[in-house]
Amino acid sequence: MIVRWSVPVLAVAALAGAASAQDPCIDCHAAQELDEVVQVHLRQFRDSAHASAGVSCADCHGGNPSTFVELRAHKGVLNSAHRDSPTNHWNLPRTCGRCHDAEYGALRQSAHYALLERQVHAAPTCTTCHGSVAAQSLGVEGGLQARCSHCHGPDADHEEVGIPGEAGQEALARGGRNLARQRVLGRQRADVSRAVLRLRDPSKRHEAADALFAINASWDEAIEAGHAFHWSDWENALDAMASAIAELRSALAPGGDR
């Protein structure tokens, strides 16, 4: 899950946690005898950015969380394998796009989305990069590179829909570099944001806030370009963000224009 600037079961007790107060689905399912797969699913959701933001199980799966009567609670809920389920592989972009509209719009510009529309089996969907409920980018070091290599690697299983060989490897490396750089710039963005909040002079804080606006605009552009898999646009947005951060850092430094 991407948080934009504009917003700044092993045991019942362990699984319910903070999420139980806002999601009756967790309370009920955590009280059942569950297999390991479901336990992991609940744990990951409990610790996710979605749960922290108040997103409920029903928001994605449907159902009626106001009752503990099984048939009523599960009314309308479809297994993810069902083609009409909101969490079906092919339907996930539209489901996630209800909240992540900018990312959804960007994804729809990509070659990956064209494969999804054709229902090509190898086509990636939101969970390919972000996990099913953990809602975080896997990152190159977290297995994303390996997943992409299924279609884009030298031994691609789906060469008819991928970019095999050297071109595929370069595309993967370039995307990995952009993702790693965005994470570094994200930390720097957070640092300068905190520094701006510490400014005591209202006029200086106002000037710095304008600079932050430019940084955050570049951040959003980078996010959207990444979801469209437009590497050049992504790199241009990252360059603009790096330049804006450097300028603001200079202004905030002792002896700077503050």
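A few points about this structure:
- Residue identified as at pLDDT below 90 and part of a helix (DSSP H, G or I) among Arg249, Arg177, Arg187, Arg205: Arg205
- Enumeration of residues in region 236-253 that are closer than 29 Å to Ala114 by Cα and buried (at least 17 other Cβ atoms within 10 Å of the Cβ): Ala237, Leu238
- The condition of being at pLDDT 90 or above, touching a Gly at 6+ places or on another chain (Cβ under 6 Å) and not assigned by TED's automatic domain parsing to the domain that holds His230 holds for only one of Gly105, Gly62, Gly97, that being Gly62.
- Filtered residue count, region 67-110, keeping only those that are in contact with a Phe, Trp or Tyr (Cβ under 6 Å, 6 or more places away or on another chain) and assigned to a loop (DSSP other than H, G, I, E, B): 2
- Residues being over 22 Å from the mean Cα position of the chain (by Cα) and either part of a helix (DSSP H, G or I) or among the hydrophobic types (A, V, I, L, M, F, W, C) (or both) - total across region 190-202: 7
- Identity of the residue in region 48-65, assigned to a loop (DSSP other than H, G, I, E, B) and under 14 Å from His29 (Cα atoms), that ends up nearest to the chain's Cα centre (by Cα): Ser56
The values are calculated or read from the model by the stated rules, or taken from the named source; none is laboratory data. No experiment lies behind these values; they were computed from the predicted model shown. Every residue, glycine as well, gets a Cβ built from its backbone with ideal geometry; the counts of neighbours run over all protein chains shown.
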